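Take a look at the structure set out below.
The values are calculated or read from the model by the stated rules, or taken from the named source; none is laboratory data. Only a predicted model underlies this, so the values are computations on that prediction, with no experimental measurement involved. Note that we place each Cβ from the backbone using ideal geometry, even for glycine, and neighbour counts take in every protein chain shown. Please note that ligands, DNA and RNA were not included when accessible areas were found on the heavy atoms of the full protein model with its side chains. Shrake-Rupley method; radii C 1.70, N 1.55, O 1.52, S 1.80 Å.
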Amino acid sequence: MEQYIIRGGRPLKGEVTISGAKNAALGILAAAVMTDEDVIIENLPDVRDINVMLEAITEISAKVDRMDRHTVRINGSTISDVAVDDEYIRRIRASYYFIGALLGKYRHASVPLPGGCNIGSRPIDQHIKGFKALGAEVRIEAGSVIAKADRLHSAHIYFDVVSVGATINVMLASVMAEGQTIIENAAKEPHIVDVANFLNSMGANIRGAGTDTIRIKGVQKLHGTEYAIIPDQIEAGTFMCMAAATRGDILIKNVIPKHLEAITAKLIEMGNEVEEYDEAVRVIGAETQRHTDIKTLPYPGFPTDMQPQISVALSLAEGTSMVTESIFENRFKYVDELARMGGNIKVEGNVAVIDGIDGFSGATVTSPDLRAGAALCIAALAADGYSTIEEVGYIQRGYEIFDEKITALGGLIKLVDSEQEAARFKLRVVG
Ligand code: UD1
C-alpha cells in the first residue's frame, strides 16, 4: 500500500507551478466528444481522475491520443455506445457529465447513477430537472439514468440549489438544443466559465457563464478546437495554506489570482502576507497567526474544497476559529485524524470549533478523501517528527506529482510502498 512518509518542521520555501484545473478538465473532456472533429486539449493535469475519465472516453469508442503528458487529442466521431460502464462512475463521479454530453449530441444516454460519496450525500435531482425541462424523458432503470429525447428544446430552468455539476451538465445538454435555454441560479465557479469558453471555442453560443444567469442559444453542431485549461484554483490554494502552516515563503506560479481571492483574504486576516502578481501569488507565512471564522459557500465564497486545508492552518493560529461547512455535510472526517497529531477541533453539526495549538506532532493518519488527505499532508509538514499518511490514492486523484512539488520546496516527503522503503527514507533524512 502506498503511503507518504513526511518529516515535518521545516518552512517550505521556493517556487511551485500549478497544474491545469482537474474539475474544469472533467467537464471539458466530456464536452470534447460532442463533435466529430479533432479536439486538442492542453494543460491537462496528469492526475488519476483525469486518466480514468480518458479511459471512460475510450470505452465508449471515441479516440484518445495522449500527445504528451499534458496534451490530449480526442475524436468523438467513432462513438458507438451511449452507455457508460458502471466501473467508471464508481471510480469517478464526474463521469455523470456523459449524461449531458451524450444526450446533447445523440439525444440518448445511459449512465449508472453515481453512488454515495465520502463527503456527504450528493443527489443529482437538479441535473435531472434540467434534462427534463429540455424535453428529455429521464428514468432510472436498474441503477442507471437513462435519458432520451426526440428533440431537445428551449427551456427556462431555475436551480433550487447552486450546483456546479448540474450547471455544467445542463450546459452540455443544451448547446445543440433548438432555441434558447436560460439557466437561473447557476453556479459561478471558474471551471463553469472554462467549460463554457471551451464549448464556445467549439462553436457553441453560451453567454453569462460566471454570473447567476447563463443563456445558451442552441447551434446545429460543434466543431473541433484547440484549448488550454485554466490553472487549478484548489491546488494553488493548497500550496498557499502550506506556506502559511509551515511559516514558509512560496511563490505559486501559473495561477489566476482573482480565483484565489477568498483564500487570499482569509490568509491575510490571519496575519500572513500575500503578494499578487499577474499570474502568480506569493504567500509568506507569519510566525504568529490569528484566528478567524470561515463559512464555505459557492463561488465567489470560500470553497468547500479548501475547508480542510485552511482548518489545518487555523489550528496553528492563536485563539479559537469557527469553520462552517455549508455545502457538504460530511466534510469533517479528517478532524479525528488531526486529533492524533494533537489537533484540538470539536465538531457540532456543520460547524468546527478550532482551538489553536502550539504545534502538531507526527503520527500515522489516514486520508478520508482527496482534500482532507492534502490537509493532513500540510499538518504533517508543519509537525514535529515523522508522519505516515495512508490512503494516498485519494490525494493522487487530484494532485499532480504532489510529493515532487513539495520536495522542490524543501519539504521532506517520500512516497513509499513498503516498510523497508520507509525505513530507508528515515535513515537518509536523519543522516
Ligand atoms: C463540484 C466539485 C467538487 C466541489 C463541489 C462544490 C467537480 C468534479 N467537483 O462537485 O470538488 O466540492 O462542486 O464546489 O467539479 N446538490 C443537490 N442536487 C443536485 C446537485 C447538487 O442537492 O442535483 C447539492 C449537493 O448535495 C451539495 C450542493 O448541491 O450540497 C453542491 O453540489 P455541487 O455543486 O453539485 O457539487 P459537485 O458538482 O458534485
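Worth a mention:
- Segment 305-341, subset outside any helix (DSSP H, G or I) and touching a residue at least 40 places away in the same chain (Cβ under 8 Å), residue most open to solvent (accessible area, probe 1.4 Å): E329
- Scanning segment 365-391 for residues that are of a type in the set (D, E, K, R) and within 16 Å of the ligand (Cβ to nearest atom), we see that the one that is modelled with the highest pLDDT is R371.
- Among the criteria (1) over 22 Å from the mean Cα position of the chain (by Cα); (2) surrounded by 15 or more Cβ atoms within 10 Å (Cβ to Cβ); (3) closer than 18 Å to M240 by Cβ, the one F402 does not fulfil is (1).
- Complete set of residues in segment 276-304 that are under 16 Å from C241 (Cβ atoms), open to solvent by 30 Å² or more (accessible area, probe 1.4 Å) and not in a loop (DSSP other than H, G, I, E, B): R282, I284, R290
- Assessment of segment 147-158 against the conditions (under 15 Å from T181 (Cα atoms) and within 15 Å of the ligand (Cβ to nearest atom)) yields at least one matching residue.
- Test for G385: is it buried (at least 22 other Cβ atoms within 10 Å of the Cβ) and touching a strand residue (DSSP E or B) at 6+ places or on another chain (Cβ under 8 Å): no
- Considering residues of segment 23-77 that are modelled with pLDDT under 95 and part of a loop (DSSP other than H, G, I, E, B) only, the residue farthest from Q233 (Cα to Cα): S61
- Those residues of segment 342-376 which are farther than 21 Å from I413 by Cα and open to solvent by 50 Å² or more (accessible area, probe 1.4 Å), in sequence order: N344, K346, V347, E348, G349, N350, D358
- Counting residues in segment 244-254 that are open to solvent by 10 Å² or more (accessible area, probe 1.4 Å), more than 25 Å from L412 (Cα to Cα) and more than 16 Å from the ligand (Cβ to nearest atom) gives zero.
- Scope segment 83-105; condition buried (at least 22 other Cβ atoms within 10 Å of the Cβ) and more than 15 Å from the ligand (Cβ to nearest atom); matching residues: V84, L102, L103, G104, K105
- Of the residues K221, K132, the single one that is open to solvent by 40 Å² or more (accessible area, probe 1.4 Å), farther than 20 Å from I327 by Cα and in contact (Cβ under 8 Å) with a residue 12 or more places away in the chain is K221.
- Some residue of segment 227-240 being out of contact with any helix residue (DSSP H, G or I) (no Cβ under 9 Å at 6 or more places or on another chain) and either open to solvent by 10 Å² or more (accessible area, probe 1.4 Å) or not assigned by TED's automatic domain parsing to the domain that holds T304 (or both): yes
Yes/no per residue for (1) aliphatic (A, V, I, L, M); (2) more than 30 Å from T320 (Cα to Cα); (3) outside any loop (DSSP other than H, G, I, E, B):
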position	(1), (2), (3)
D358	no, no, no
V365	yes, no, yes
R371	no, no, yes
A374	yes, no, yes
I378	yes, no, yes
Q396	no, yes, yes
E404	no, yes, yes
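- Scanning segment 163-204 for residues that are open to solvent by 20 Å² or more (accessible area, probe 1.4 Å) and assigned to a helix (DSSP H, G or I) yields V164, H191, V193, N197, N200, S201.
- When residues of segment 19-40 are limited to those that are touching a Phe, Trp or Tyr at 6+ places or on another chain (Cβ under 9 Å) and more than 16 Å from the ligand (Cβ to nearest atom), the one farthest from A286 (Cα to Cα): V33
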